[in-house]
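Please read through the structure below; I'll follow up with questions.
The values are calculated or read from the model by the stated rules, or taken from the named source; none is laboratory data. Everything numeric in this text was worked out from a predicted model, so none of it was measured. Methodologically, a virtual Cβ is constructed for each residue, glycine included, from the backbone with ideal geometry; neighbour enumeration extends over all protein chains shown.
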Amino acid sequence: MIFDIENTRHDFPILKKKVNNKKLVYLDSAASAQKPLSVINSMKRFQEEEYSNVHRGIHYLSNLATDQYELSRKKVKDFINANSENEIIFTMGATDAINLVAQSLSHDFFTKEDEIILTVMEHHSNIVPWHFLREKCGVNIKWINCDDNGNIKVKDFIKAISNKTKLISITQMSNVLGSEIPLKEIISIAHDKNIRVLVDGCQGIAHLNTDVQDLDCDYYVFSGHKLYGPTGVGVLYGKYDLLETMHPWRGGGEMINEVFKDKVTYSKPPSKFEAGTPNIVQAVGLGAAIDYFNEKKKQGLFHYEEKIAKYFHNEMSKLPRVKVYGKENLKSPMVSFTVDGSHPHDIATIVDKEGVAIRAGQHCTQPLLDFFNLSSTARASIGMYTNKNDIDIFINSLDKAISFFD
């Protein structure tokens, strides 16, 4: 099948919006992707016709809502090829999922002087929770550097691993450089040393085929809103035998087996980690987003994105005074850059006047920007709805911004 970009764009109602009386060009999908009508309508329909609390009722609506909620869990399981639906935990997002793992493992997995290995490309959401453990448990954080294009050397991991290393937590795709990581090799090396690996899939999930059994990672997290689904929902995948041994992070209803005055016992995963009334509507929306995304994948989404990305990088290379970070990553869905003689915030403000939405700042990656000796960059990122006209409008608006600072 051939990917139909115009038909795809028609599915996203926000693209009809005018910004500053100009056509909206949305190039901020790495921060959060727009939502297709099928996702919007699924959540609306669920709330109008099927909504109730889940798991706890025996009435018709409760059973119907539970079926929809658990169907979304199955969709996630199939989407990332988990072994069981019981390995899929719904969270508030990837940040919530990483904090869940960190706090759970702080109970009896980590001890003082244990080591966690991170890369300088990690998002703050995959850094700060481990700093909490550094403060709480006395663990040490070790860092792996990348090169200017975000490439990582496996030998650097081999050197960094010691007999105190307990966990590697690593991005699947850099949200600044778009670089892909040799995950399978790193995971294999880690497992040979009995080291667990958590993969932050926030960017990778929307642009790469992801199979957690093939990767053999111990944990995998992603957020729904970067997969064209709603905010407020994310996923933690964990190997079931590991989830069984982990202490729950939050306490409340649903995650318990029995509660007495002097003790409490816990449910099996995934319920053990889903305390309280869950994000039911958002989970249903995530299921609809996965359905939509799968259909676009069948039509050749990844091939289409690769062509648009290469076109984008090629057009950027023609502009004067522009420095692209990760410029060799021609398939990268994001382009992070600076313009000589201007601040990224000023660039973002000027192109916004032309209806173009990009991001400027640290992108929650201060260690990476420190590595480049930068305080901020501008970043434009594509989605499945990005066409060549979007790129051309952005290039023209950026060229105007560059001229403004001459």
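Quick grid of which residues meet (1) of a type in the set (Val, Ile, Thr); (2) free of Cβ contacts under 8 Å to residues at least 24 places away in the same chain:
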| position | (1), (2) |
| --- | --- |
| Leu236 | no, no |
| Tyr240 | no, no |
| Glu258 | no, yes |
| Val264 | yes, yes |
| Ser267 | no, yes |
| Lys272 | no, no |
| Ile280 | yes, no |
| Ala309 | no, no |
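Going through Gly341, Gly355 one at a time, which residue ends up being within 25 Å of Lys307 (Cα to Cα) and either in contact (Cβ under 8 Å) with a residue 24 or more places away in the chain or in contact with a helix residue (DSSP H, G or I) (Cβ under 7 Å, 6 or more places away or on another chain) (or both)? So that I can check it myself, show each step before the final result.
Numbers: Gly341 fails: within 25 Å of Lys307 (Cα to Cα).
From the options Gly341, Gly355, the qualifying one is Gly355.
When you go through (1) among the hydrophobic types (A, V, I, L, M, F, W, C); (2) over 30 Å from Leu118 (Cα atoms); (3) touching a strand residue (DSSP E or B) at 6+ places or on another chain (Cβ under 7 Å) one by one for Ile391, which number turns out not to apply?
(3)
Would you please list the contacts, defined by Cβ atoms under 7 Å and residues six or more apart or on different chains, that run from a residue in the stretch 17-33 that is at pLDDT 95 or above to a residue that is of a type in the set (Asp, Glu)?
Here the result reads Lys22/Glu354; Val25/Asp390; Leu27/Asp390, each pair linking the stretch 17-33 to a residue that is of a type in the set (Asp, Glu).
Please determine whether any residue of the stretch 314-325 is in contact with a helix residue (DSSP H, G or I) (Cβ under 7 Å, 6 or more places away or on another chain), closer than 25 Å to Glu180 by Cα and among the aliphatic types (A, V, I, L, M).
In the first step, residues of the stretch 314-325 are kept if they are in contact with a helix residue (DSSP H, G or I) (Cβ under 7 Å, 6 or more places away or on another chain); the result is 315, 319-322, 324.
Checking the rest, the ones that are also closer than 25 Å to Glu180 by Cα come to 315, 322, 324.
In the following step, the residues that additionally are among the aliphatic types (A, V, I, L, M) were identified as 322, 324.
Yes, there is a match, as at least one residue in the stretch 314-325 is in contact with a helix residue (DSSP H, G or I) (Cβ under 7 Å, 6 or more places away or on another chain), closer than 25 Å to Glu180 by Cα and among the aliphatic types (A, V, I, L, M).
If a residue counts only when it is among the small types (Gly, Ala, Ser), which strands (runs of 3 or more DSSP E) contained entirely in the stretch 328-406 have at least 2 such residues? Don't jump to the end; show me each part of the working.
Numbers: elements: 334-339, 359-361, 377-381.
Once the strands (runs of 3 or more DSSP E) in the stretch 328-406 are filtered for at least 2 residues that are among the small types (Gly, Ala, Ser), what remains is 359-361, 377-381.
Read through the list (1) of a type outside the set (Asp, Glu); (2) closer than 13 Å to Asp200 by Cα; (3) over 24 Å from the mean Cα position of the chain (by Cα), then give the number of the only condition that Lys112 fails.
Single failed check for Lys112: (2).
In addition: Looking at Asn396 and the list (1) at pLDDT below 95; (2) surrounded by fewer than 21 Cβ atoms within 10 Å (Cβ to Cβ), which single condition is not satisfied?
Status for Asn396: all satisfied but (1).
Are any residues in the stretch 23-56 outside any helix (DSSP H, G or I) and farther than 30 Å from Ile358 by Cα, and if so, which ones?
First, the residues of the stretch 23-56 that are outside any helix (DSSP H, G or I): 23-36, 51-56.
Across the stretch 23-56, the qualifying residues are Tyr51, Ser52, Asn53, Val54, His55, Arg56.
For residues in the stretch 145-171 being among the hydroxyl-bearing types (Ser, Thr, Tyr) and under 23 Å from the mean Cα position of the chain (by Cα), which is farthest from Ile116 (Cα to Cα)?
To start, the set of residues in the stretch 145-171 that are among the hydroxyl-bearing types (Ser, Thr, Tyr) comprises 162, 165, 169, 171.
Subset that is under 23 Å from the mean Cα position of the chain (by Cα): 169, 171.
On the way: Ser169: 7, Thr171: 14 Å.
So, considering only residues that are among the hydroxyl-bearing types (Ser, Thr, Tyr) and under 23 Å from the mean Cα position of the chain (by Cα), the one farthest from Ile116 (Cα to Cα) is Thr171.
Further question: Can you confirm whether Trp130 is closer than 27 Å to Gly178 by Cβ and either surrounded by fewer than 20 Cβ atoms within 10 Å (Cβ to Cβ) or of a type in the set (Gly, Ala, Ser) (or both)? Break it down into steps so the answer makes sense when it comes.
Numbers: closer than 27 Å to Gly178 by Cβ: yes; either surrounded by fewer than 20 Cβ atoms within 10 Å (Cβ to Cβ) or of a type in the set (Gly, Ala, Ser) (or both): no.
It is false that Trp130 is closer than 27 Å to Gly178 by Cβ and either surrounded by fewer than 20 Cβ atoms within 10 Å (Cβ to Cβ) or of a type in the set (Gly, Ala, Ser) (or both).
Only one of Lys307, Lys318, Lys323 is among the charged types (D, E, K, R) and either part of a loop (DSSP other than H, G, I, E, B) or touching an Asp or Glu at 6+ places or on another chain (Cβ under 6 Å) (or both). Can you tell me which? Break it down into steps so the answer makes sense when it comes.
Working: Lys307 fails: either part of a loop (DSSP other than H, G, I, E, B) or touching an Asp or Glu at 6+ places or on another chain (Cβ under 6 Å) (or both); Lys323 fails: either part of a loop (DSSP other than H, G, I, E, B) or touching an Asp or Glu at 6+ places or on another chain (Cβ under 6 Å) (or both).
Residue meeting the stated conditions: Lys318.
Now for a different question. Go through the stretch 203-261 and give me each residue that's more than 15 Å from the chain's Cα centre (by Cα), crowded, with 16+ Cβ neighbours inside 10 Å and in a loop (DSSP other than H, G, I, E, B).
Cys217, Asp218, Lys239, Met246, Pro248, Trp249, Glu254, Met255, listed by residue number.
Out of everything in the stretch 57-99 that is free of Cβ contacts under 8 Å to residues at least 12 places away in the same chain and of a type in the set (Gly, Ala, Ser), what residue ends up being nearest to Asn279 (Cα to Cα)?
Ser62
Suppose we filter the stretch 343-399 for residues that are charged (D, E, K, R) and under 20 Å from the mean Cα position of the chain (by Cα); how many remain? Can you show your working first?
Start the filter on the stretch 343-399 by keeping residues that are charged (D, E, K, R), which leaves 346, 352-354, 359, 370, 379, 388, 390, 392, 399.
Those left that are additionally under 20 Å from the mean Cα position of the chain (by Cα): 359, 379.
Counting residues in the stretch 343-399 that are charged (D, E, K, R) and under 20 Å from the mean Cα position of the chain (by Cα) gives 2.
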